[in-house]
Amino acid sequence: MKYDSFFARSFSKHEQKKLGIGAFVSCFILAATFCFLFKPEIRHFRVVNVKVSLRGSPKILAITEEVTKPKKPYFEIEQEKQICNVLHPRADLCEMKGDIRIHGNSSTIFFVSIDEEKNNSWNIRPYARKGDDRAMDSVTNLIVKKVHISQQIPICTRNYTVPAVVFSTKGYAGNHFHDFSDVLIPLFQTSRRFNGEVQFLITNKMPWWIKKFKPVLQRLSKYEAIDIDKEKDVLCFPSMTIGLKANKEFSINTSESSYTMLDFTKFLKSTYSLKRKFAVRLKKNADDDQRRKNKPRLLIISRSRTRRFTNIEAIVTLAKSLGFKVGVEETRENLVQVAKKVNSFDVLMGVHGAGLTNMVFLPENASVIQIVGLGMEWVSKEDFEIPAMDMNLKYLGYKISVNESSLIQQYPLEHHVLKDPPGNMISPKGWASYRKVYLDEQDVKIDVNRFRGTLLKALELLRS
């Protein structure tokens, strides 16, 4: 009664209510702090939600209790679908969304799952030439593990908010054709949709390769590529693609992709700031002055080791006599310079080989002349004829005769190498012997009288 009379004299009824509420809340905070400090595992801490009425005397309206789960994923885990496809004939591919952790040092990737069924794991070599043991043996084998959230999982030490794409620059990387067919075109298909907001994780990273294609990599990703083999940290991502989407040799299969090969070449021309969008258009009834101003430009790709032209001077003389302005290059210089040089020509010509890969820099409606050596029909069609047309280029193939091949000096006319060269695809096991004979030992001496018609056809295509 004494305390009541004291409070009555010192405070109004409204102020007494406020003091009562304050005392109640203070006691609750002290109790919660005590429990928090002395609880050994916060992940099992029980959370009490209290609703209090502040009108009249303090009243507890509702108490609900929540228990945090033993482990919380780095990202919210969605209902997952099949994450790895190892049935595609060209490349294995894993696509995951949720809580993904990669420990590069151990070549292991963890996909944290809520699926209580048995765990799965896959061995993925992230390079787009599946089935070619010679290429794939040098590519790091990554272990992709699907693990339940309750299992022991490495703790994230670096967290990212952008997706990741994991790929290798080993295999045949370093060969200009394979740089594009096995890495750059698949990388474009895989990562272009992210508009630069993607982190590249590279295994078997080769600094010189990264430097060579730096403009392309920087257009596809805003972030510096990570050498995942040297990473000791556990990197965590909200989504990840392991391997690259590849579905056609040196091209894009539009039935499996939202992009076309024309999209890729336009992307390259933008990346390297190439000025010419279209090849020269020749007028059928042009006068001499117009012909001089609009001379079509022919670039002949020369080779110094294998599949060489042995009468290059005669070919140049013929082309000039038909009205071409001719350049002869081996295209081994800086790729930025190569891109600008090739883009300035209207016709690209060469024996089947990596140099023809530079057709990606030609302006639209330009022409490609591929010299098809003995035994090269199937590989020439697969590697350059079909891709050229996919790039909206005009294609001309010149199939040499036996007399135009240097193999006639090495084998008698009745030998099967000359009489019955392979017309179909060679199996990986037979590739080494095929390559030795038809690709490494064969040079070409063009019959200029026979070849004249092909160059005239190239001029006609520039008029159409």
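Scan the range 334-342 and tell me whether some residue there is open to solvent by 20 Å² or more (accessible area, probe 1.4 Å), modelled with pLDDT under 95, outside any helix (DSSP H, G or I) and over 26 Å from ASP420 (Cα atoms). Looking through the range 334-342, at least one residue is open to solvent by 20 Å² or more (accessible area, probe 1.4 Å), modelled with pLDDT under 95, outside any helix (DSSP H, G or I) and over 26 Å from ASP420 (Cα atoms). ILE446 fulfils the conditions (1) β-branched (Val, Ile, Thr); (2) open to solvent by 50 Å² or more (accessible area, probe 1.4 Å); (3) in a loop (DSSP other than H, G, I, E, B) except for a single criterion, (2). When each of VAL166, VAL147 is tested for being at pLDDT below 95, hydrophobic (A, V, I, L, M, F, W, C), more than 25 Å from LYS429 (Cβ to Cβ) and in contact with a strand residue (DSSP E or B) (Cβ under 9 Å, 6 or more places away or on another chain), the lone residue that passes is VAL147. Can you tell me how many residues within the range 118-140 are closer than 21 Å to LYS245 by Cβ and outside any loop (DSSP other than H, G, I, E, B)? Residues in the range 118-140 being closer than 21 Å to LYS245 by Cβ and outside any loop (DSSP other than H, G, I, E, B): 5 in total. Any residue in the range 113-120 that is over 17 Å from the mean Cα position of the chain (by Cα), crowded, with 22+ Cβ neighbours inside 10 Å, polar (S, T, N, Q) and closer than 21 Å to PRO238 by Cα? Yes, the conditions are met somewhere in the range 113-120. Please work out which residue is nearest to ALA366 (Cα to Cα), limiting yourself to the range 404-458 and to residues that are without any contact (Cβ under 8 Å) to a residue 60 or more places away in the chain and among the aliphatic types (A, V, I, L, M). Selected residue: MET425.
In the condition set (1) over 30 Å from LEU318 (Cβ atoms); (2) open to solvent by 30 Å² or more (accessible area, probe 1.4 Å), ARG303 is compliant with all but (1).
Filtering TYR398, TYR438, TYR434 for residues that are of a type in the set (Phe, Trp, Tyr) and in contact with a Ser or Thr (Cβ under 7 Å, 6 or more places away or on another chain) leaves a single hit, TYR398. Of all the criteria given as (1) open to solvent by less than 60 Å² (accessible area, probe 1.4 Å); (2) touching a helix residue (DSSP H, G or I) at 6+ places or on another chain (Cβ under 9 Å), the one not satisfied by LYS130 is (1).
Applying a threshold of 7 Å to beta carbon distances and a minimum spacing of six or more residues, or different chains, the list of pairs starting in the range 172-194 at a residue that is basic (Lys, Arg) and ending at one that is at pLDDT 95 or above and in a helix (DSSP H, G or I) reads ARG192/LEU220.
Could you list all residues from the range 282-333 that are in a strand (DSSP E or B) and not hydrophobic (A, V, I, L, M, F, W, C)? Those that are in a strand (DSSP E or B) and not hydrophobic (A, V, I, L, M, F, W, C): ARG297, LYS325, GLY327, GLU329. For first residues located in the range 104-116 and over 29 Å from LYS205 (Cβ atoms) and hydrophobic (A, V, I, L, M, F, W, C), partners that are in a loop (DSSP other than H, G, I, E, B) and open to solvent by less than 30 Å² (accessible area, probe 1.4 Å) and lie 6+ apart or on another chain with Cβ distances below 9 Å form the pairs ILE114/ILE77.
Does PHE264 satisfy the criteria of being of a type in the set (A, V, I, L, M, F, W, C) and under 20 Å from THR357 (Cβ atoms)? So PHE264 fits the description; yes.
A quick yes/no check of all residues on (1) within 29 Å of the chain's Cα centre (by Cα); (2) over 26 Å from ARG129 (Cα atoms):
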site: PHE324; (1), (2): no, yes
site: VAL328; (1), (2): no, yes
site: PHE345; (1), (2): yes, yes
site: HIS352; (1), (2): yes, no
site: MET359; (1), (2): yes, no
site: ILE386; (1), (2): yes, no
site: LEU393; (1), (2): yes, no
site: SER401; (1), (2): no, yes
site: GLU404; (1), (2): no, yes
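Every condition in (1) in contact (Cβ under 8 Å) with a residue 40 or more places away in the chain; (2) in contact with a helix residue (DSSP H, G or I) (Cβ under 7 Å, 6 or more places away or on another chain) is met by GLY243 except one, and the failing one is (2).
The values are calculated or read from the model by the stated rules, or taken from the named source; none is laboratory data. None of the values given here were measured: they were computed from a predicted structure. Cβ: placed from backbone, ideal geometry, glycine included. Neighbour counts: every protein chain shown. SASA here: full protein model, heavy atoms, side chains in, ligands and nucleic acids out. Shrake-Rupley method; radii C 1.70, N 1.55, O 1.52, S 1.80 Å.
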